[in-house]
Structure formats: C-alpha cells, structure tokens
1. For segment 137-159, check the following and say yes or no: at least one residue is in contact (Cβ under 8 Å) with a residue 60 or more places away in the chain and open to solvent by 70 Å² or more (accessible area, probe 1.4 Å).
2. Condition first: within 26 Å of residue 138 (Cα to Cα), touching a Gly at 6+ places or on another chain (Cβ under 6 Å) and not aromatic (Phe, Trp, Tyr). Can you find one or more residues in segment 86-93 that meet it?
3. Scan segment 125-136 residue by residue and report those that are surrounded by fewer than 14 Cβ atoms within 10 Å (Cβ to Cβ) and closer than 16 Å to residue 167 by Cα.
4. Consider residue 212 carefully, then state whether it is part of a loop (DSSP other than H, G, I, E, B), under 29 Å from residue 10 (Cα atoms) and open to solvent by 20 Å² or more (accessible area, probe 1.4 Å).
5. Quick check on my filter: what residues within segment 70-89 are within 14 Å of the chain's Cα centre (by Cα) and either crowded, with 17+ Cβ neighbours inside 10 Å or small (Gly, Ala, Ser) (or both)?
6. From the list 92, 67, which residue is open to solvent by 40 Å² or more (accessible area, probe 1.4 Å), more than 30 Å from residue 25 (Cβ to Cβ) and either free of Cβ contacts under 8 Å to residues at least 60 places away in the same chain or among the aromatic types (Phe, Trp, Tyr) (or both)?
7. Which residues, taken from segment 42-68, are touching a Lys or Arg at 6+ places or on another chain (Cβ under 9 Å), hydrophobic (A, V, I, L, M, F, W, C) and in a helix (DSSP H, G or I)?
8. Kindly provide the set of residues from segment 10-30 that are farther than 12 Å from residue 206 by Cα, assigned to a strand (DSSP E or B) and either touching a strand residue (DSSP E or B) at 6+ places or on another chain (Cβ under 6 Å) or open to solvent by 60 Å² or more (accessible area, probe 1.4 Å) (or both), ordered by number.
Amino acid sequence: MLQAVNLWKSFGSTEAVRDVSFSVQRGEVLGLLGSNGAGKSTTVRMMAGLARPDRGTALVGGHDVGRQPILAKASLGYLPETVVLYDRLTLREYLEFLGPMYGLTGEGLGARIDEQARKVELARNLDQELGTFSKGMTQRAALAGATLHAPPALILDEPGTGLDPRFVRKLKEWIQELAEDTAVLVCTHVTSFAEEVSDRLAIMHEGAILATGTLTELRVATGARDLEEAFVRTVEGW
C-alpha cells in the first residue's frame, strides 16, 4: 500500500535521503526511527507528494505519487511534522472544507465530523476557531483531518508533538486500531513511542536506512536489551 523504491533527495551538496526503500502493507505499522536530521521528514514528504525525489519512486496504493498524484493522494492521510491550519475557520468548517475533496458530503460528512471530533476529544470545540487552539489541540485537530476520509494508507510524522501524556497514550491505541485495516507509517525519534506502536521498524541515519525488522529481530542482530540500545548500536556501528 505504501512503497518507497530507491528514493534519493539532495539539497545542494547535502544528500538528505540516500537510496531509501521500504514497504508498508495494510494491517501493519512501520516505525521509521531516526534522530533529528536523519532524513525521515524528507522521506515522508516525498511519499506524500510534497517533495519530488531526485531519483526513485514513491507509491501509494500502487499509484506513482509523481505521475498519478490525484489517485495516490486520494488513498492517503498525512500528518506533517509542523501543523499549520486555517486560523479563522472553526474546526467544523475546517473538516467541512476537507470532506468534499475526498468525496464526503451531506449527512455522511456531518456524521464523520462528529465521530472524528469525539475521537480526538474536541467535540466541545467544533465551533471554536482553530486560531484559538493550543498546540496540543491543533495537533489533535490535524489528526482528525488526516483520518477524516478513513484512508487505506496513513503517514504520521512525529504525531505525539505537543500532546499531553494522556492523549499520547490514546494516540498509541488509536494508531493500533487504525492499523487493523490501514497501512501506517509512523516517523519518530522517540524510541519508546516507536516500540509501542510498530509491528516493524526501520532505523534511519544520515539519509540511509541501516536496518529493518521487528523489535526482536533488531535486538538479536545487535545483541541489545531494548530498542533504544539496538538503535544506538546500529547507528554507532555505521
């Protein structure tokens, strides 16, 4: 459902992403784990069609994001690392604006908006302007928008940013619930978050993926006790 095939991206003389390949199927969560500056966000921006790769191909639902962007993006939900919403719209207006882009209208859209607002605990804030939201509320509003159309593929870039510990716990549960019928790519530098939500993990460093596998496979390969130690040993051995 989500597939990166030999992606490369440079900014001037800096190679931000180097020959990155991975795939995520419906029903699983792949955790893309790396330190700040590892190339994670550039990679997922290429997957979402927001940056053009110098080489390689990004596929969503079998559609080439570069050549078939409308078909690819219709199957994708995307939460960027930095969320920017329309300050003067209410949450309801924002979701009503997004809905028709994905074929949601009328009563069906209204019901979906109510459902999403409840999930992110913003039902009482549907008619509040987004510009008055706290950082955590803005992140939750963006999550509601990213999953409004129940996409078969979902990319979450640092989804826990700005959220309080209680909602981070709810987010982890929600990701696992979504993954029952969705291909989910979670991009994060937080090892504990990646460990709790991911079926498989890909460790990224200096633009390249150094290792992939389940937590057990990574621990065995590195002789580590946990994911944090496996990550450090993988990166230090690079």
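The values are calculated or read from the model by the stated rules, or taken from the named source; none is laboratory data. As the structure is a prediction and not an experimental result, all values here were calculated from the model. When we count neighbours, we look across all protein chains shown, and the Cβ atoms used for this are built from the backbone with ideal geometry, even at glycine. Remember, those area values only see protein heavy atoms, side chains included, never the ligands or the DNA or RNA. Shrake-Rupley method; radii C 1.70, N 1.55, O 1.52, S 1.80 Å.
1. The answer is no; no qualifying residue exists.
2. Within segment 86-93 (the criterion being within 26 Å of residue 138 (Cα to Cα), touching a Gly at 6+ places or on another chain (Cβ under 6 Å) and not aromatic (Phe, Trp, Tyr)), the answer is yes, since at least one residue qualifies.
3. Across segment 125-136, the qualifying residues are 134, 135.
4. Considered against the rule, which asks whether it is part of a loop (DSSP other than H, G, I, E, B), under 29 Å from residue 10 (Cα atoms) and open to solvent by 20 Å² or more (accessible area, probe 1.4 Å), residue 212 comes out as no.
5. Scanning segment 70-89 gives 73, 75, 76, 77, 78, 79, 80, 83.
6. 92
7. Hit for segment 42-68 is 46, nothing else.
8. Listed by number, the residues that qualify are 11, 21, 22, 23, 24, 29, 30.
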